[in-house]
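Chemist: Encoded as structure tokens, here's the structure I'll be asking about.
The values are calculated or read from the model by the stated rules, or taken from the named source; none is laboratory data. Keep in mind the model is a prediction, meaning the values are calculated, not measured. Neighbour counts are summed over all protein chains in view; Cβ atoms, including those assigned to glycine, are modelled from backbone coordinates with ideal geometry. Just the protein is used for accessible areas: all its heavy atoms, side chains included, with ligands, DNA and RNA removed. Shrake-Rupley method; radii C 1.70, N 1.55, O 1.52, S 1.80 Å.
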Amino acid sequence: MSHSMLNSMSNYTAITRKVSPAIEKCELTHLVREPISFEVATQQHTAYVECLKSIGCDVVSLEAEADLPDSVFVEDAALVLDEVAVITRPGAVSRQAEVNTIRVALKPYRELIEIEAPATLDGGDIVRIDKTIYLGLSTRSNQAAIDQLAERLRPYNYTVKGIEVKDCLHLKSAVSIVGKDILLLNPAWIDASLFPNMTIIETDPSEDFAANAVLIGEDIIYPEEFPKTAAKLRAHGLKLHTVLATELAKAEGAVTCCSLIIKN
Ligand code: GLY
């Protein structure tokens, strides 16, 4: 079925998944483990979903997965493009089964392409600027993923470029798109010169994890806990909707991680 046949009234659909009761057993790479409250994480996630709805998204809310601690971070299981969606193969073995339900959820909206072994790919490692896909070579995503993605997306005229990621979990922890030709970037973690022809807004030096924002049309969902960087974004005339995202941040999750955005 074509996505246009779903008769959505909204311009965007967001796929989300409720927080797993096993969230405390999440994977961690750069953070020290600390207690995570399932209740607080759920409360903040519910507010995030309400924010998606308030800016006009249709929200598909998948049920929580008790055996998949990181499964609230749906972004890592797929890359949704206008023409097609790519089902990933997450780099953490404990996360690989997350794709099974995401595949089912995306099927009504897009033709699907699969990433296969030996490639590993987390959606959080992808920053797309028009027809260029920047892919973070991180602890999760590898060169084989670049090769497969490049080959499978060539018919749709996408180019895939690798960028080394060392100081944070995903490429999108360090840089995200916040407007046409505008990137929000943490210069301590990624070199802005990799993105020529883009306007760069740097995160405030006191706000390490502030480079992750969800852009939906001209609306931006952004964490309340980074007011200095938020002020910079607003000074550029960008339209922010802030949500508190502190609890899932302890699981190395940020705002982009919690949704897959589909243009209808
Ligand atoms: N806990 C988020 C991740 O490691 O993928």
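Chemist: Scan region 147-193 residue by residue and report those that are of a type outside the set (D, E, K, R) and either modelled with pLDDT under 95 or open to solvent by 60 Å² or more (accessible area, probe 1.4 Å) (or both).
Modeler: Pro155, Asn157, Thr159, Pro187, Ala188, Ser193
Chemist: So is Gly237 within 16 Å of the ligand (Cβ to nearest atom) and either over 17 Å from Asp204 (Cβ atoms) or at pLDDT below 95 (or both) or not?
Modeler: No; evaluated as a whole, the condition is false for this residue.
Chemist: Step by step: first the residues of region 16-30, then only those that are among the charged types (D, E, K, R) and either more than 12 Å from the ligand (Cβ to nearest atom) or in a loop (DSSP other than H, G, I, E, B) (or both), then the one that is surrounded by the most Cβ atoms within 10 Å (Cβ to Cβ). Which residue is that?
Modeler: In this case the residue turns out to be Arg17.
Chemist: Also, quick follow-up: One residue is enough: does region 71-88 have a residue meeting the conditions farther than 30 Å from Lys239 by Cα, more than 12 Å from the ligand (Cβ to nearest atom), of a type outside the set (Gly, Ala, Ser) and in a loop (DSSP other than H, G, I, E, B)?
Modeler: No - not one qualifying residue is present in region 71-88.
Chemist: Among Ser94, Ser61, which is farther than 20 Å from Ile126 by Cβ, within 16 Å of the ligand (Cβ to nearest atom) and either in contact (Cβ under 8 Å) with a residue 24 or more places away in the chain or not in a loop (DSSP other than H, G, I, E, B) (or both)?
Modeler: Unique residue meeting the criteria: Ser94.
Chemist: Within region 100-128, which residues are among the hydrophobic types (A, V, I, L, M, F, W, C) and either within 13 Å of the ligand (Cβ to nearest atom) or open to solvent by 50 Å² or more (accessible area, probe 1.4 Å) (or both)?
Modeler: Val104, Ala117, Leu121
Chemist: Being open to solvent by 60 Å² or more (accessible area, probe 1.4 Å) and without any contact (Cβ under 8 Å) to a residue 60 or more places away in the chain is the filter here; which residues of region 194-213 pass it?
Modeler: Across region 194-213, the qualifying residues are Pro196, Asn197, Thr199, Glu202, Pro205, Ser206, Asp208, Phe209.
Chemist: For region 161-175, does any single residue satisfy the condition of being within 16 Å of the ligand (Cβ to nearest atom), β-branched (Val, Ile, Thr) and under 22 Å from Arg17 (Cβ atoms)?
Modeler: No, that holds for no residue.
Chemist: Let me ask something else about it. Of everything in region 240-264, what is among the charged types (D, E, K, R) and either within 16 Å of the ligand (Cβ to nearest atom) or under 14 Å from Asn212 (Cβ atoms) (or both)? Give them in sequence order.
Modeler: Glu247, Lys250, Glu252
Chemist: Take Leu248 and decide whether it is surrounded by fewer than 24 Cβ atoms within 10 Å (Cβ to Cβ) and either free of Cβ contacts under 8 Å to residues at least 60 places away in the same chain or not charged (D, E, K, R) (or both).
Modeler: no
Chemist: Continuing with this model, one more query. Would you confirm whether or not region 37-53 contains a residue that is within 16 Å of the ligand (Cβ to nearest atom), touching a Lys or Arg at 6+ places or on another chain (Cβ under 8 Å) and under 30 Å from Ala144 (Cβ atoms)?
Modeler: no
Chemist: If a residue has to be assigned to a loop (DSSP other than H, G, I, E, B), of a type outside the set (Asp, Glu) and open to solvent by 20 Å² or more (accessible area, probe 1.4 Å) to count, how many in region 129-146 make the cut?
Modeler: Residues flagged as assigned to a loop (DSSP other than H, G, I, E, B), of a type outside the set (Asp, Glu) and open to solvent by 20 Å² or more (accessible area, probe 1.4 Å) within region 129-146 amount to 4.
Chemist: Every residue in region 39-63 that is open to solvent by 70 Å² or more (accessible area, probe 1.4 Å) and within 12 Å of Thr246 (Cα to Cα), please.
Modeler: Gln43
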